[in-house]
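A.B. asks: Have a look at this one.
The values are calculated or read from the model by the stated rules, or taken from the named source; none is laboratory data. Everything quoted here is computed from the prediction, not taken from an experiment. Positions of Cβ are backbone-derived with ideal geometry, glycine not excepted, and every protein chain shown enters the neighbour counts. These accessible areas exclude ligands, DNA and RNA; they are computed on the full protein's heavy atoms, side chains included. Shrake-Rupley method; radii C 1.70, N 1.55, O 1.52, S 1.80 Å.
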Amino acid sequence: MYAQMIKSEKSQDDPEKLAAFQQRIDDGEKIEPKDWMPEGYRKTLIRQIGQHAHSEIVGQLPEGNWITRAPTLERKAILLAKVQDEAGHGLYLYCAAETLGVSRDQLTRDLLSGKMKYSSIFNYPTLTWADMGAVGWLVDGAAIMNQVPLQRTSYGPYARAMVRICKEESFHQRQGFDIMMKMANGTEAQRKMAQDALNRFWYPSLMMFGPSDANSVHSEQNMAWKIKMNTNDELRQKFVDQTAPQAAFLGLNIPDEHLKWNEERGHYDFSEPDWDEFFDVLRGNGPCSVERMEARNKAWDDGAWVRDGLMAHAAKKKARRVAAE
Ligand code: 3HC
């Protein structure tokens with residue numbers, strides 16, 4: 001793998017190789033780990049897949065917060081399964097990133113040092129049980145909107161990981177909507193809680209798709225490489241179009257006075273999120289940014305004895321094998 005990468009670095013500027021690579025992508029071929037690839041393609045994939053993996057892992061925290069306080073045993077079992085699924089998604093994605101020559105340890109170190117990002121949405125708090133509904137419905141709903149097209153992404157291991165992830169995310173979205181249905185049709189206090197959760201999660205969910213197309217740094221190149229299949233604004237619009245009728249069905253109000261069906265465009269008009277807030281969250285100033293990183297650092301430190309034990313066991317096994325040879 002490393003020999004392959006060193007070889008590929010030497011031939012990075014070869015126009016014939018670059019053209020042949022682009023042709024494979026244009027023809028809809030999958031790029032596999034041992035294939036030649038431009039360094040920019042490899043680095044971008046590591047950034048995007050790594051960021052995605054970190055989002056799945058950090059994303060366990062806001063929901064994990066409610067496992068011990070779920071209102072029924074059934075809800076608790078469902079939430080537990082969902083949070084475990086997110087851990088699994090993180091692991092498939094770290095494995096996909098490892099095929100590009102980066103180690104999971106390195107990716108973790110880059111997350112913990114703040115060098116790598118994770119999704120802005122997980123820097124917001126989950127204050128009530130209704131937030132479990134809003135997270136499943138809106139956050140997983142936005143994640144699926146972005147990830148279904150990624151099943152067709154050009155990098156084979158990423159595309160294949162995405163197939164299973166999307167199946168599970170669909171279940172997550174449905175369970176969130178189901179919680180919202182119960183809350184919205186419950187007592188007045190429960191309905192208010194559901195409305196409050198929607199009020200707080202609406203704009204942060206819109207931010208998940210990334211900055212507006214005019215401010216998206218990577219979209220153009222990544223769409224040419226089919227690392228990204230749609231622009232941020234295209235997916236945000238699709239999400240609003242899908243979610244507005246669902247909110248109406250729930251009898252809840254999306255907190256946007258400009259949200260309105262536009263017959264001419266065949267889409268809903270809606271207000272942009274506060275982009276200053278978005279970029280501030282990206283700089284590490286979200287309401288829970290410090291708390292999230294403290295939790296991940298603590299988990300890493302607390303797990304040191306497990307890693308040390310496994311490494312010692314592996315070293316002992318290897319020494320025994322060498323002695324026997
Ligand atoms: N949160 C944090 N950072 C974000 C962001 C967000 N919501 N949206 C964009 N950014 C960052 C980008 O990483 C980039 O920063 P960088 O150059 O320092 O890495 C910068 O903002 C500019 O944005 P671009 O539009 O140029 O970036 P991309 O082309 O990478 O598009 C993306 C952003 C749409 C999020 C894309 O990376 C993507 O599709 N990623 C894969 C999906 C993913 O990561 N999803 C996470 C969702 S959470 C989840 O899946 C968990 C589930 O359980 C709910």
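A.B. asks: Note the angle between two axes, namely the Cα long axis of helix 15-26 and the longest principal axis of the Cα atoms of the chain, as a number of degrees from 0 to 90, rounded to the nearest 10.
C.D. replies: Once rounded, the angle reads 40 degrees.
A.B. asks: Roughly speaking, what % of Cα-Cα pairs in segment 1-147 are separated by over 27 Å, rounded to a whole number?
C.D. replies: 37 percent
A.B. asks: If the cut-off is 29 Å between C-alpha atoms, which lysines fall inside it for Lys318, apart from same-chain ones fewer than 8 positions away?
C.D. replies: Cross-link targets: Lys34.
A.B. asks: Checking the table Lys117/Lys228; Lys117/Lys316; Lys192/Lys260; Lys82/Lys238; Lys115/Lys228 against a 26 Å threshold on Cα-Cα, which pairs fail?
C.D. replies: Pairs exceeding 26 Å: Lys117/Lys316.
A.B. asks: Tell me, what is the percent relative contact order of segment 35-113, built from C-alpha pairs under 8 Å that lie six or more residues apart?
C.D. replies: This gives 40 percent for segment 35-113.
A.B. asks: From the gyration tensor of the Cα coordinates in segment 169-227, what semi-axes in whole Å does the equivalent ellipsoid have, largest first, with each one equal to sqrt(5λ)?
C.D. replies: For segment 169-227, the semi-axes come out at 35, 15, 5 Å.
A.B. asks: From the Cα gyration tensor of the chain, with a ≥ b ≥ c the square roots of its eigenvalues, which class applies: rounded if a/c is under 1.5, or else prolate if a/b is larger than b/c, or else oblate?
C.D. replies: Because a/c hits 1.5 or more and a/b fails to exceed b/c, the chain counts as oblate.
A.B. asks: Give me the net charge for the shell around Asn146: Cβ to Cβ below 12 angstrom, other residues only, Lys and Arg +1, Asp and Glu -1.
C.D. replies: Counting the neighbours of Asn146, the net charge comes to 0.
A.B. asks: Okay, moving on. Tell me, what % of the accessible area of segment 105-221 is carbon and sulfur with a 1.4 angstrom probe?
C.D. replies: The computed percentage sits at 54.
A.B. asks: With every protein chain present, what is the per residue accessible area of the chain (1.4 Å probe, Å²)?
C.D. replies: For the chain, the solvent-accessible area averages 51 Å² per residue.
A.B. asks: What percent does the relative contact order of the chain come to when contacts are Cα pairs within less than 8 Å and at least six residues apart?
C.D. replies: 17 percent
A.B. asks: Ignoring the sites themselves, what is the longest stretch of the chain with no trypsin sites (Lys or Arg not before Pro) in a DSSP loop and at most 12 other beta-carbon atoms within 10 Å?
C.D. replies: With a cap of 12 other Cβ atoms within 10 Å, the longest stretch comes to 116-264.
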